Amino acid sequence: MSKSYVLSIDQGTTSTRAILFDEAGRPCGSASAPLTQIFPAPGQVEHDANEIWQSVLQVCRGVLCETGAASIAAIGITNQRETTVVWERATGEPLANAIVWQDRRTAPLCAELEAEGWAGHIAEATGLVIDPYFSATKLAWLLTNVPGLAERAKRGEVCFGTIESFLMFKLTGGETHVTDATNAARTKMFDIRSGAWDARLLDRLCVPLEMLPDVRDCQSDFGMTAEEHFGVRLPIRGVAGDQQAAAYGQACFQPGMLKATYGTGGFVVANTGGDKVASTTRMLSTILYQQEGTRTYALEGTIFMAGATIQWLRDSLGLIANAGESETLAAEGHPNSGVYLVPAFQGLGAPFWDAHARAAIVGLSRASTKADIVAAGLEAVAFQTRDILTGMGHDMRRSGVGPTHALRVDGGMTANAWAMQRLADILGEPVEVAAVLETTALGAAYHAGQAVGFYGDNETLGAAWKRSKLFEPKMGETERDARYDGWLEAVDRVRSREAREGSSDV
Ligand code: ADP
């Protein structure tokens, strides 16, 4: 049988998906399974790593039942980043629930690191900020709080990994304990300049080097799946964290090219080329991909609430019956309502990094309607994107990267034409919606496929990229700037006293 497909595994926060891509990069079949969210206490989020593993087996077997495993040329994996797993080396059994990226339990340890003056070293070496978001403090928490774990880890009996690393260990029947550079870059223990684990941070956090995975290129030999899983052994050849995979699937191969994914949250990633850009606007610096030992870097900005704001308008306020209704309702809003919704429900991400800010709807008058509030919820995504692109643009110009290209977008919210038009209007730049909306899975498939001779080089992939829609800015500059000034004023009203005084707990 000819090897005609790449099997892409997309292990996300709320679900696990498997998608088959053919040699032209077209999705040809998919299966998905939801994932249980465990909330042990306020601010804590866990997953059962075994449930994740079983869901991967289930969706892969589901999607392979028609085509047969023998037609698979390679497997690609993309995953929720930062989520931290520890398991027993001898058996592959998880030794605790996985601590999910959203989990805030390590805020006190982060405050200690901040007070000890680690922010400078962390920014320089890892490109990140001190925040519970990343794996390092989650692993330190597990080593301190799971009885016996630290001693066993010192003896080499325990493996740490983010989700892709755990899955590869399981898929290969324990043959490989590996990760790729994009996932390593999100642990806050990896020096993205040298491509090595950071000895100073490991020492401070009491993490034994022996428990860390071997870091490889995104296109690499990550091992063969054990025969028992799919009947034949399949090579795992491509791996990237979800946002980096999405940027790869969006063919952002040139410095200055950028993409935004609007799902529950929003993630803006810009290719900055071969040099790590040190952000002065509190963006994250990270690895976009690593090929043949050469790293391509990125700047990343996170919007905590994108589609999640629409869910809140639906579920908590009942203003809409479904997400799609937000589009028709927003169009009925008053064009100059003056209403702003600042969705700081979990604080504000880049560039404000204000953990204590809380959400607000400001500018209400007796004439305000629910349509104005829904429009403001959608518009907030546009304003937050502009906040991020302003910061990134500044960092990139200062570092000689650029100019930035049109913004390529994907994710569930891009179905909303009103929101995408408003995004183009507030940015004053064109917005292009990708033709393949599963860009995250596609990026992992591109990595795995390229490793086995599918898809051609990046230039070929770049030329093959297609958009389904283009939104050109229509709003005049005066209106655009006036609206954005109103947003900045609204943000100013919700920012916490701690952040204003420069001591927010990040
Ligand atoms: P994730 O991968 O984070 O689960 P998806 O890419 O599947 O997210 O997108 C789902 C999100 O997109 C939800 O938060 C939902 O509220 C939002 N969404 C879906 N359709 C629309 C729409 N037409 N308008 C606005 N938001 C939408």
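Brief remarks follow.
- Residue match in the stretch 122-141 (condition: assigned to a loop (DSSP other than H, G, I, E, B), touching an Asp or Glu at 6+ places or on another chain (Cβ under 6 Å) and more than 17 Å from residue 205 (Cβ to Cβ)): no
- Positions within the stretch 361-384 being in a strand (DSSP E or B) and open to solvent by 30 Å² or more (accessible area, probe 1.4 Å), in sequence order: 361
- Options 437, 442, 378: the member that is more than 28 Å from residue 328 (Cα to Cα), within 22 Å of the chain's Cα centre (by Cα) and within 15 Å of the ligand (Cβ to nearest atom): 442
- Yes/no for residue 156 being in the same structural domain as residue 49 (by TED's automatic domain parsing), out of contact with any helix residue (DSSP H, G or I) (no Cβ under 8 Å at 6 or more places or on another chain), surrounded by fewer than 24 Cβ atoms within 10 Å (Cβ to Cβ) and among the small types (Gly, Ala, Ser): no
- Checked against (1) at pLDDT 95 or above; (2) open to solvent by less than 20 Å² (accessible area, probe 1.4 Å), residue 418 meets all criteria but (2).
- All conditions but one from (1) open to solvent by less than 40 Å² (accessible area, probe 1.4 Å); (2) under 22 Å from residue 449 (Cβ atoms) apply to residue 103; the one that does not is (2).
- Filter pass, residue 496 being in contact with a helix residue (DSSP H, G or I) (Cβ under 6 Å, 6 or more places away or on another chain), at pLDDT below 95, of a type in the set (Ser, Thr, Tyr) and under 30 Å from residue 105 (Cα atoms): no
- Test: residue in the stretch 318-336 that is more than 16 Å from the ligand (Cβ to nearest atom), closer than 30 Å to residue 286 by Cα, modelled with pLDDT of 90 or more and not assigned by TED's automatic domain parsing to the domain that holds residue 127: no
- Residue, farthest from residue 55 (Cα to Cα), within the stretch 71-93, restricted to residues that are open to solvent by 30 Å² or more (accessible area, probe 1.4 Å) and touching a Phe, Trp or Tyr at 6+ places or on another chain (Cβ under 9 Å): 89
- Subset of the stretch 447-467 that is open to solvent by 70 Å² or more (accessible area, probe 1.4 Å) and outside any helix (DSSP H, G or I) - its residue that is farthest from residue 423 (Cα to Cα): 457
- Filter pass, residue 194 being open to solvent by 40 Å² or more (accessible area, probe 1.4 Å), among the small types (Gly, Ala, Ser) and farther than 17 Å from residue 158 by Cα: yes
- Residue 96 being touching a helix residue (DSSP H, G or I) at 6+ places or on another chain (Cβ under 6 Å) and at pLDDT 95 or above: yes
- Applying the criterion of at least 2 residues that are open to solvent by 20 Å² or more (accessible area, probe 1.4 Å), farther than 23 Å from residue 439 by Cβ and away from the ligand (no atom under 16 Å from the Cβ) to the strands (runs of 3 or more DSSP E) found wholly in the stretch 203-309 leaves 214-216.
- Listed by first and then second residue, the pairs linking a residue in the stretch 371-386 that is closer than 15 Å to residue 350 by Cβ and among the aliphatic types (A, V, I, L, M) to a residue that is outside any helix (DSSP H, G or I) and more than 13 Å from the ligand (Cβ to nearest atom), with Cβ atoms under 6 Å apart and 6 or more places separating them unless they lie on different chains, are 380/341.
Conditions tested, residue by residue: (1) outside any strand (DSSP E or B); (2) over 19 Å from residue 444 (Cα atoms); (3) away from the ligand (no atom under 16 Å from the Cβ); (4) at pLDDT below 90.
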{"residue": "2", "(1), (2), (3), (4)": "yes, yes, yes, yes"}
{"residue": "8", "(1), (2), (3), (4)": "no, no, no, no"}
{"residue": "16", "(1), (2), (3), (4)": "no, no, no, no"}
{"residue": "20", "(1), (2), (3), (4)": "no, no, yes, no"}
{"residue": "29", "(1), (2), (3), (4)": "no, no, yes, no"}
{"residue": "44", "(1), (2), (3), (4)": "yes, yes, yes, yes"}
{"residue": "52", "(1), (2), (3), (4)": "yes, no, no, no"}
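The values are calculated or read from the model by the stated rules, or taken from the named source; none is laboratory data. Note that the coordinates shown come from a computational prediction; the quantities given were computed from them, not determined experimentally. Using ideal geometry, Cβ is built from the backbone for each residue, glycine included, and neighbour counts are taken over all protein chains shown. For the accessible areas, the whole protein counts, side chains as well, though only heavy atoms, and no ligand, DNA or RNA atoms are used. Shrake-Rupley method; radii C 1.70, N 1.55, O 1.52, S 1.80 Å.
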